[in-house]
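Below is one structure, written out as structure tokens; the observations come after it.
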Amino acid sequence: MSVALLPRRRFVRRTGALLAAACTMPQLLHAATASSPSPWPNRPVRLIVVYPPGGVSDGMARVLADPLSQALGVPVLIENRAGAGGSIGMDALSRATPDGCTLAFSAISPLTLHPLIARVPYDPLRAFAPVASVMRTPVLVVGTPAFTGHGFADLIALARSQPGAVRWATSGVATIGHLVLAQVRMQSRTDITHIPYAGGGPQLNDALSGQFEVLSTNVAAQQLQYIEGGRFQALAVGAPARIEALPAVPTLAELGYERANRDSLFGIFAPARTPAAVVQRLNAEINRVLRSDTVRARLRGAYNLPAGGSIEDFAHEIAVDRRRNRALVAGDRSQFD
């Protein structure tokens, strides 16, 4: 009898073990699924534009948002966080969760210039992950209706004859326009009054009404229309060569101001500690968008030069610009007060 019962007991034990495993399997599968990371992106991506609505950078960020949204499969939502030369928006990015769902579109100056002349609430060396460069924008120096001279030489002559009387507006402290002004003041040894604004858009109305004599701003179609209409006088451009839209206007280098001959480099940034795979995917998608004929035409139509390239290339350009600006500020810190 005991010989007959032994196989049955083994059968019962084995059957019970199999039933227990079958009951446990769904729980194990659920636990494994819960512990696995969600695919990225699994919600809308917020793109902080660190300048006000209506400016060149805001417009180009919106040009990028739609094709990037299609590439990522989620909405890309623009949020303008302007002020302090872009530092307010970059501070917001530095505090965001590093999950790839919050990015910023900015010139590199909040990392390479502003921290050298003012206190910022973020660490420019460690708070951000460069993702991809997007565009280079020439700088345009114009005379407003308040400027009665003709050409850049007249501007410098006026500044020398009436110290402090020439008012030069930029889109903010520690922006590329401010850097151009600082270099011109240093080299010409003139006293020119700096009028900083919160961004590129708000200063145009004041420029048109002659609230100051000179404006340095990124080249854009609207400013070119005012030049063609005679409301602004183009004095110089900051660019590697004369721009096609203004072939008669010299570069600052041609005028003898080589160090002031700067343009703006804009790009996309993520918070530090964003997963490397996410940053690499973003870089690849942004470069793909920048190769689109439609996007390139929009960039060039707004007088911007498409950039792009690897993460390492972008990080290198930021480091080079920081070193160059550090030498500039060390040379004469008073020009940025």
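The values are calculated or read from the model by the stated rules, or taken from the named source; none is laboratory data. Predicted, not measured: the structure shown is a model, and the values here were computed from it. Note that each Cβ is placed from the backbone with ideal geometry, even for glycine, and that neighbours are counted across all protein chains shown.
Selection over the stretch 299-337 of residues that are among the polar types (S, T, N, Q) and modelled with pLDDT of 95 or more gives a count of 1. The residues listed here are N287, N283; of these, the one that is within 30 Å of A96 (Cα to Cα), in contact with a strand residue (DSSP E or B) (Cβ under 8 Å, 6 or more places away or on another chain), buried (at least 20 other Cβ atoms within 10 Å of the Cβ) and not assigned by TED's automatic domain parsing to the domain that holds G172 is N283. The number of residues in the stretch 291-322 being in a helix (DSSP H, G or I) and more than 20 Å from T102 (Cα to Cα) comes to 18. Would you confirm whether or not the stretch 102-116 contains a residue that is farther than 29 Å from P240 by Cβ and either at pLDDT 95 or above or not aromatic (F, W, Y) (or both)? For the stretch 102-116, residues farther than 29 Å from P240 by Cβ and either at pLDDT 95 or above or not aromatic (F, W, Y) (or both): present. Taken over the stretch 98-126, residues that are farther than 21 Å from I286 by Cα and surrounded by fewer than 23 Cβ atoms within 10 Å (Cβ to Cβ) amount to 12.
Residues checked against (1) outside the structural domain of N283 (by TED's automatic domain parsing); (2) aliphatic (A, V, I, L, M); (3) at pLDDT 95 or above:
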position: T15; (1), (2), (3): yes, no, no
position: L28; (1), (2), (3): yes, yes, no
position: A31; (1), (2), (3): yes, yes, no
position: S94; (1), (2), (3): no, no, yes
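Conditions tested, residue by residue: (1) in contact (Cβ under 8 Å) with a residue 12 or more places away in the chain; (2) under 28 Å from Q225 (Cβ atoms); (3) surrounded by 16 or more Cβ atoms within 10 Å (Cβ to Cβ).
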| site | (1), (2), (3) |
| --- | --- |
| D154 | no, yes, no |
| P163 | yes, no, no |
| W168 | yes, yes, yes |
| G172 | yes, yes, yes |
| H178 | yes, yes, yes |
| L181 | yes, yes, yes |
| M186 | yes, no, yes |
| D191 | yes, no, no |
| L208 | yes, yes, no |
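Among the residues of the stretch 258-271, are any on the phi > 0 side of the Ramachandran plot and either in contact (Cβ under 8 Å) with a residue 40 or more places away in the chain or not hydroxyl-bearing (S, T, Y) (or both)? No; the residues of the stretch 258-271 include none that is on the phi > 0 side of the Ramachandran plot and either in contact (Cβ under 8 Å) with a residue 40 or more places away in the chain or not hydroxyl-bearing (S, T, Y) (or both). Tallying residues that are surrounded by fewer than 16 Cβ atoms within 10 Å (Cβ to Cβ) and in a helix (DSSP H, G or I) within the stretch 223-261 yields 3. When we screen L235, L204, L299 for residues that are closer than 21 Å to V184 by Cα and hydrophobic (A, V, I, L, M, F, W, C), the only hit is L235.
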